[in-house]
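Comments concern the structure below.
The values are calculated or read from the model by the stated rules, or taken from the named source; none is laboratory data. Note that the structure is a prediction, hence the values are computed from the model and not measured. For neighbour counting, all protein chains shown are included, and Cβ atoms are generated from backbone atoms with ideal geometry for every residue, glycine included. Side chains included, ligands, DNA and RNA excluded: accessible areas come from the protein's heavy atoms. Shrake-Rupley method; radii C 1.70, N 1.55, O 1.52, S 1.80 Å.
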Amino acid sequence: MSPNFTRLQGRTALVTGSTGGLGVAIAKALAAQGAFVIVSGRNKERGDVVVAEIRTAGGRAEFVAADLGAGGDEVQRLAREATTAAGGRIDILVNNAGVWGMPQPTGEVSEQALLESYQTNVIAPFLLTGALVPAMAERGHGAVVNVGSITGLIGGDRSALYSSTKAAVHSLTKSWAVEYGPRGVRVNAVAPGPIATERAADVADEVGPVLARIPSRRMSTPEEVAAAVVFLAGEDAGNIHGAILSVDGGWAAA
C-alpha cells in the first residue's frame, strides 16, 4: 500500500504477532496510512527490523515484546506497555497473533496442542480485547479487527483444531460488535484463505488442490489481506459492525 499518512492520522494501533508474515504487512499498511503502530511479538530482533522499516518509509512505530501463549499476566502486561508506548491510548486493536499446525486427524491432536492453540488464538485476544476496548468505549470511538480464517467458516479435512479456534474468533467478533458497537467501537474480522507468506511452501501439497478450484486460482498476498484490515479499521467502514470479510480468492463461494 502506497504511503498516504492521512487516512489514519492521529490514530494509534496495536498489531499482535507483527514480527513476521501477515502481521508485518498489517503493521506497515496501518503505518502507511498515518497510524502510530505498536509492533508486537516474541522476537525483539525481528520486531526492531519491522519498526526500522516502518520508520524508513516515513511512518511511526515502536516495539513491545510479548508472548501471547504465556498466559493472562503476559497479555495484561502487553496491554499496559502498549498503551504507554502509544502515548496513553490504543485506538485500533488488530488481534492477529496465532498458532497454526499442520493438518492432523482429530484423534491425533494432543491435549497440550489443544490448550496451546486456544491460549494464543482465542484466550489471548479475548483478554486483550477486555483489557483495551473498554477504554475505547469510554472515549466513544475505536476499532478492533480480528484475524480469523476461511477455515473458520467452512469445514476442512484434518483441520478441526485450527478451524475451531478461528470459528471462535468469528463468533467473538459478532458478540463484541453487539457489546461495544453502541458505545462507538466497531469490531470486525477478516477471514483470509491461503496467503503467500514465507511458510506457504510448508503447505504447498495441501493448498495446491484448493487453488485449482477457487475462482482466483491463487493465494492472496499479505498486502491484499492487510488492505482489508486497513479498510475495516478506518472511517470508510464507519457503519460496518460484526462483519467477517473473506479475503480468500472466492474459496467460500466455490
Residue among Ala212, Ala243, Ala252 that is touching a strand residue (DSSP E or B) at 6+ places or on another chain (Cβ under 6 Å), over 24 Å from Ala31 (Cα atoms) and open to solvent by 20 Å² or more (accessible area, probe 1.4 Å)
Ala252
Which residue out of Gly23, Gly47, Gly58 is surrounded by fewer than 24 Cβ atoms within 10 Å (Cβ to Cβ) and either at pLDDT 95 or above or under 25 Å from Val207 (Cβ atoms) (or both)?
Gly58
Quick test for you: out of Thr12, Thr16, pick the one residue that is out of contact with any helix residue (DSSP H, G or I) (no Cβ under 8 Å at 6 or more places or on another chain) and touching a residue at least 60 places away in the same chain (Cβ under 8 Å).
Thr12
Which one of the conditions (1) surrounded by 23 or more Cβ atoms within 10 Å (Cβ to Cβ); (2) closer than 17 Å to Val144 by Cβ does Val39 fail to meet, given that it meets all the rest?
(2)
Residue within segment 98-113 that is crowded, with 21+ Cβ neighbours inside 10 Å, touching a residue at least 60 places away in the same chain (Cβ under 8 Å) and either of a type outside the set (Asp, Glu) or within 26 Å of Asp157 (Cα to Cα) (or both) present:
yes
Regarding Thr83, is this residue open to solvent by 60 Å² or more (accessible area, probe 1.4 Å), over 15 Å from Gly41 (Cα atoms) and out of contact with any Leu (no Cβ under 6 Å at 6 or more places or on another chain)?
no
Which of the residues spanning segment 178-188 are closer than 25 Å to Pro222 by Cβ, open to solvent by less than 10 Å² (accessible area, probe 1.4 Å) and out of contact with any Leu (no Cβ under 7 Å at 6 or more places or on another chain)?
Val187
